[in-house]
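What follows is one structure encoded as structure tokens, with my remarks underneath.
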Amino acid sequence: MPIPATKFIWFNGKLVPWEKATVHVLSHAIHYGSSVFEGVRAYQTPGGVAIFRLRDHTQRLFDSAKIYRIAMPFSPEQINDACRQVIAANALSRGAYLRPIVFRGYGEIGVTPRQDPPTDVAVAAWEWGKYLGHEEEAHGVDACVSSWSRMAPNTLPALAKAGGNYLSSQLIGAEARRLGFAEGIALATDGTLSEGSGENLFLVKDGVLLTPELAHSVLGGITRDTVIRLAHERGMEVKECALPREMLYLADEAFFTGTAVEITPIRSVDRLPVGQGKRGPITEALQNAFFGLFSGKTADKWGWLDHVDMAAPRSAASA
Ligand SMILES: Cc1ncc(COP(=O)(O)O)c(C=O)c1O
């Protein structure tokens, strides 16, 4: 299904009609993958629609741009404001997925032109339900280990959420789907576990939560961090460490985390059941804690919910 259009996209400082938010085919990013972006969710909460960990997503966007030395023509506060504006201007009161993107635009041709191409910045938002489905959230998905490895750490920086990195993700995800799996899990180039095509990976073994540490070519997921904090709060032991592939087969539970998949149990890997072959109790407890942030059952001690004033005038739209 194509992206359901909303009315406005924030583009270089202004709200423009959805269909007018276009770029030139000779833009640098289209040829060389030079974009950095975010995927952010806004949830309907008892206190109105709220963007989840907006400031953390914006910080990661700026971190990604810094790694690639992409000049940012807007401040973090302007980007945060743009996110709030696209929710309000499009009346997305039932929640939304937001896509802020920063990319090298139309200038000279060449991978490293003498003059840096201008930076274009856009923020779009639209209504988006479950990425892997309600069924999957309760019952889990079937995953496989990918024949593709993640990028080696000294090739493309995994901590940058950059467009080019998603060529690797496309290989991993497409192979898994071709083989009849919901998702692929990639190994790092040292053979240890890394992450899914667009998700971080957690295992549970003997009551301990395990996840590959950042040095294993993973994105520093904001949901990953949320789960670690919620787990600590509940007195669980969490280890960020190197994990061998076979731990997938021996784990009591496994799940993916990410803005898109939220917390999705993994019920089998390579056709071997994980634990009981269904969602485990720790996964379910963490899902409840996570979704409780949006229903109000879990206290938002961290100030993670950024409430959007839906009545804010659109005249505040332009930077
Ligand atoms: C490769 C990759 N890993 C992990 C994640 C999860 O990150 P987050 O929880 O911040 O969405 C994503 C999604 O953004 C991703 O694309």
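Within the range 208-230, how many residues are of a type outside the set (A, V, I, L, M, F, W, C) and closer than 12 Å to Ala242 by Cβ?
5
Where residues in the range 139-159 are over 28 Å from Leu272 (Cβ atoms) and modelled with pLDDT of 95 or more, which of them is farthest from the ligand (Cβ to nearest atom)? Steps first, answer last, please.
Here is the first cut: in the range 139-159, the residues over 28 Å from Leu272 (Cβ atoms) are 153-157, 159.
Still in the running and modelled with pLDDT of 95 or more: 155-157, 159.
Working: Thr155: 15, Leu156: 11, Pro157: 12, Leu159: 10 Å.
Among them, the one singled out is Thr155.
Go through the range 191-213 and count every residue that is within 16 Å of the ligand (Cβ to nearest atom), surrounded by fewer than 22 Cβ atoms within 10 Å (Cβ to Cβ) and farther than 19 Å from Leu230 by Cβ.
Of the residues in the range 191-213, 2 are within 16 Å of the ligand (Cβ to nearest atom), surrounded by fewer than 22 Cβ atoms within 10 Å (Cβ to Cβ) and farther than 19 Å from Leu230 by Cβ.
Within the range 126-156, how many residues are in a loop (DSSP other than H, G, I, E, B) and surrounded by fewer than 16 Cβ atoms within 10 Å (Cβ to Cβ)?
8
Mind telling me which of the residues Ala162, Ala188, Ala176, Ala182 ends up being buried (at least 17 other Cβ atoms within 10 Å of the Cβ), in contact (Cβ under 8 Å) with a residue 40 or more places away in the chain and either within 15 Å of the ligand (Cβ to nearest atom) or polar (S, T, N, Q) (or both)? Full working, then the answer.
Working: Ala188 fails: in contact (Cβ under 8 Å) with a residue 40 or more places away in the chain; Ala176 fails: in contact (Cβ under 8 Å) with a residue 40 or more places away in the chain; Ala182 fails: either within 15 Å of the ligand (Cβ to nearest atom) or polar (S, T, N, Q) (or both).
Sole residue among the options that is buried (at least 17 other Cβ atoms within 10 Å of the Cβ), in contact (Cβ under 8 Å) with a residue 40 or more places away in the chain and either within 15 Å of the ligand (Cβ to nearest atom) or polar (S, T, N, Q) (or both): Ala162.
Here is a yes/no grid of residues against (1) of a type in the set (Phe, Trp, Tyr); (2) within 15 Å of the ligand (Cβ to nearest atom); (3) modelled with pLDDT of 95 or more; (4) assigned to a loop (DSSP other than H, G, I, E, B):
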{"site": "Gly235", "(1), (2), (3), (4)": "no, no, yes, yes"}
{"site": "Phe255", "(1), (2), (3), (4)": "yes, yes, yes, no"}
{"site": "Pro265", "(1), (2), (3), (4)": "no, no, yes, no"}
{"site": "Lys297", "(1), (2), (3), (4)": "no, no, yes, yes"}
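Does Glu136 satisfy the criteria of being within 22 Å of Asp270 (Cβ to Cβ) and within 11 Å of the ligand (Cβ to nearest atom)?
Spelling it out, it is not the case that Glu136 is within 22 Å of Asp270 (Cβ to Cβ) and within 11 Å of the ligand (Cβ to nearest atom).
Only residues in the range 55-69 that are closer than 16 Å to Ala158 by Cβ and within 15 Å of the ligand (Cβ to nearest atom) count as the first member; pair them with residues that are in a helix (DSSP H, G or I) and of a type in the set (A, V, I, L, M, F, W, C), Cβ under 9 angstrom, at least 6 apart or cross-chain, and list the lot.
As it stands, the answer is Arg60/Ile222; Leu61/Ile79, since those pairs meet every condition given.
Quick one: what pairs do we get from the range 257-280, first residue in contact (Cβ under 8 Å) with a residue 12 or more places away in the chain and more than 30 Å from Phe37 (Cβ to Cβ), second surrounded by fewer than 21 Cβ atoms within 10 Å (Cβ to Cβ) and of a type in the set (Phe, Trp, Tyr), C-beta under 8 Å, 6+ apart or different chains?
The qualifying pairs are Asp270/Tyr249; Leu272/Tyr249; Val274/Tyr249.
The values are calculated or read from the model by the stated rules, or taken from the named source; none is laboratory data. The shown structure was predicted, so the numbers you read here are calculated from the model rather than taken from an experiment. Note: ideal-geometry Cβ built from the backbone for every residue, glycine included; neighbour counts use all protein chains shown.
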